[in-house]
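Enquirer: I have a structure I would like to understand better, so I am pasting it below and will then ask my questions one at a time.
The values are calculated or read from the model by the stated rules, or taken from the named source; none is laboratory data. The model shown is predicted, which means the values in this text are computed figures rather than measured ones. Every residue, glycine among them, receives a Cβ derived from its backbone with ideal geometry; neighbour counts consider all protein chains shown.
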Ligand SMILES: C[S@@+](CC[C@H](N)C(=O)[O-])C[C@H]1O[C@@H](n2cnc3c(N)ncnc32)[C@H](O)[C@@H]1O
């Protein structure tokens, strides 16, 4: 059965999860536009049941719960205890939403229960994505729909490409991850995503690009916004883990280089960076 290796689970329960929770409000502000595009593709209606995979601190689950109303229900599933704790703390009492700590690739889920399988950037971390999507399909009603948003490749996402380029030669190189290794960019190849969903038994797979400019840094002045963009890079996400392990002199040099890397991005009291994603939709066959 598909499942995640212990390291990654531990990381979402440790550094990655804790850092995400610290920056949750900022990350939600940056990611909302992408989540909204995926929610529009999902088109939830009153009374529907939604499974939100890798729901994190739960913003998309709460938006979905408002759309399906009290007659519907949203189940947000995430492997990270700190993220689910934040989601529960943010959820209003009167909303039809439940959060559960579980590995979505193997969690016991009710058979044929959900109208929609949704995710905002939460499905790129499975060791065996085909097995995971096949497992989750069993929780969908016949004819149920899938809608999720995932990043395209790193080369198109300057919020990662620029700092990665800037620290080259300063931070000792780590062995490059295989392009299909679980991680934020593992669904960058549109053909691979289509193959995974088709092999997992879904039909009507459609994958369309969606781009939006995100305020990666914000501040009272442009200088403050650049500092903020550097802080975000050092504070959360895959690079923050690499940088946290470096001695102070390397971190200081990396900080200067990352700031210079962002200097060409537009914005007056912000650092605006394009986010390049896929909006993916599919369907569970009717029978
Ligand atoms: C990039 S975060 C996105 C969180 C949230 N959807 C959002 O947009 O704010 C990815 C999330 O996927 C979760 N995750 C990773 N592997 C998972 C798995 N196998 N089952 C459930 N959640 C998982 C992580 O714990 C993390 O919260």
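Enquirer: Output the residues belonging to the range 63-85 that are surrounded by fewer than 21 Cβ atoms within 10 Å (Cβ to Cβ), within 12 Å of the ligand (Cβ to nearest atom) and farther than 22 Å from residue 106 by Cβ.
Expert: 63, the sole residue that qualifies.
Enquirer: Only one of 226, 239, 243 is under 20 Å from residue 275 (Cα atoms) and either over 18 Å from the mean Cα position of the chain (by Cα) or surrounded by fewer than 19 Cβ atoms within 10 Å (Cβ to Cβ) (or both); which?
Expert: Details: 239 fails: either over 18 Å from the mean Cα position of the chain (by Cα) or surrounded by fewer than 19 Cβ atoms within 10 Å (Cβ to Cβ) (or both); 243 fails: under 20 Å from residue 275 (Cα atoms).
Only one candidate qualifies: 226.
Enquirer: Another question, then. Looking at (1) in contact (Cβ under 8 Å) with a residue 12 or more places away in the chain; (2) over 19 Å from the mean Cα position of the chain (by Cα); (3) more than 11 Å from the ligand (Cβ to nearest atom), can you tell me which one residue 135 breaks?
Expert: That leaves (3) as the condition not met.
Enquirer: Can you name the helices (runs of 4 or more DSSP H) wholly within the range 1-94 that have at least 2 residues being modelled with pLDDT of 95 or more and touching a strand residue (DSSP E or B) at 6+ places or on another chain (Cβ under 7 Å)?
Expert: Values: elements: 6-13, 15-22, 24-42, 59-68, 81-90.
Because the criterion is at least 2 residues that are modelled with pLDDT of 95 or more and touching a strand residue (DSSP E or B) at 6+ places or on another chain (Cβ under 7 Å), the helices (runs of 4 or more DSSP H) in the range 1-94 that meet it are 24-42, 59-68, 81-90.
Enquirer: Filter the range 29-44 for residues that are surrounded by fewer than 18 Cβ atoms within 10 Å (Cβ to Cβ) and in contact with a helix residue (DSSP H, G or I) (Cβ under 8 Å, 6 or more places away or on another chain) and give the result.
Expert: Scanning the range 29-44 gives 32, 36.
Enquirer: Among the residues of the range 138-155, write down those that are within 17 Å of the chain's Cα centre (by Cα) and modelled with pLDDT of 95 or more. Give the steps one after another, and end with the answer.
Expert: Of the residues in the range 138-155, the ones within 17 Å of the chain's Cα centre (by Cα) are 146-154.
Within the range 138-155, 146, 147, 148, 149, 150, 151, 152 meet the criteria.
Enquirer: Something else now. Could you look through the range 116-131, keep only residues that are within 11 Å of the ligand (Cβ to nearest atom) and assigned to a strand (DSSP E or B), and pick out the one that is surrounded by the most Cβ atoms within 10 Å (Cβ to Cβ)?
Expert: 118
Enquirer: Now for a different question. Filter the range 159-178 down to the residues that are crowded, with 21+ Cβ neighbours inside 10 Å and either under 23 Å from the mean Cα position of the chain (by Cα) or over 23 Å from residue 227 (Cα atoms) (or both) and list them by number.
Expert: Answer for the range 159-178, where residues must be crowded, with 21+ Cβ neighbours inside 10 Å and either under 23 Å from the mean Cα position of the chain (by Cα) or over 23 Å from residue 227 (Cα atoms) (or both): 159, 160, 162, 163.
Enquirer: Count, please, the residues in the range 30-61 that happen to be within 11 Å of the ligand (Cβ to nearest atom) and over 17 Å from residue 113 (Cα atoms).
Expert: Within the range 30-61, residues that are within 11 Å of the ligand (Cβ to nearest atom) and over 17 Å from residue 113 (Cα atoms) number 13.
Enquirer: Please work out if residue 279 is in contact (Cβ under 8 Å) with a residue 24 or more places away in the chain, within 25 Å of residue 178 (Cα to Cα) and buried (at least 16 other Cβ atoms within 10 Å of the Cβ). Quick ask: steps written out before the conclusion?
Expert: Details: in contact (Cβ under 8 Å) with a residue 24 or more places away in the chain: yes; within 25 Å of residue 178 (Cα to Cα): yes; buried (at least 16 other Cβ atoms within 10 Å of the Cβ): yes.
For residue 279, the condition - in contact (Cβ under 8 Å) with a residue 24 or more places away in the chain, within 25 Å of residue 178 (Cα to Cα) and buried (at least 16 other Cβ atoms within 10 Å of the Cβ) - is met.
Enquirer: Take residue 164 and decide whether it is away from the ligand (no atom under 13 Å from the Cβ) and either under 30 Å from residue 262 (Cβ atoms) or assigned to a loop (DSSP other than H, G, I, E, B) (or both). Walk me through it before giving the result.
Expert: Details: away from the ligand (no atom under 13 Å from the Cβ): yes; either under 30 Å from residue 262 (Cβ atoms) or assigned to a loop (DSSP other than H, G, I, E, B) (or both): yes.
Against the criterion (away from the ligand (no atom under 13 Å from the Cβ) and either under 30 Å from residue 262 (Cβ atoms) or assigned to a loop (DSSP other than H, G, I, E, B) (or both)), residue 164 qualifies.
Enquirer: Okay, next question. Might you let me know whether the range 106-115 holds any residue that is within 16 Å of the ligand (Cβ to nearest atom), crowded, with 17+ Cβ neighbours inside 10 Å and within 18 Å of residue 44 (Cα to Cα)?
Expert: For the range 106-115, residues within 16 Å of the ligand (Cβ to nearest atom), crowded, with 17+ Cβ neighbours inside 10 Å and within 18 Å of residue 44 (Cα to Cα): present.
Enquirer: Got at least one residue in the range 152-167 being within 25 Å of residue 64 (Cα to Cα) and touching a strand residue (DSSP E or B) at 6+ places or on another chain (Cβ under 9 Å)? Please lay out each step first, then the result.
Expert: In the first step, residues of the range 152-167 are kept if they are within 25 Å of residue 64 (Cα to Cα); the result is 152.
In the following step, the residues that additionally are touching a strand residue (DSSP E or B) at 6+ places or on another chain (Cβ under 9 Å) were identified as 152.
Yes, the range 152-167 contains a residue that is within 25 Å of residue 64 (Cα to Cα) and touching a strand residue (DSSP E or B) at 6+ places or on another chain (Cβ under 9 Å).
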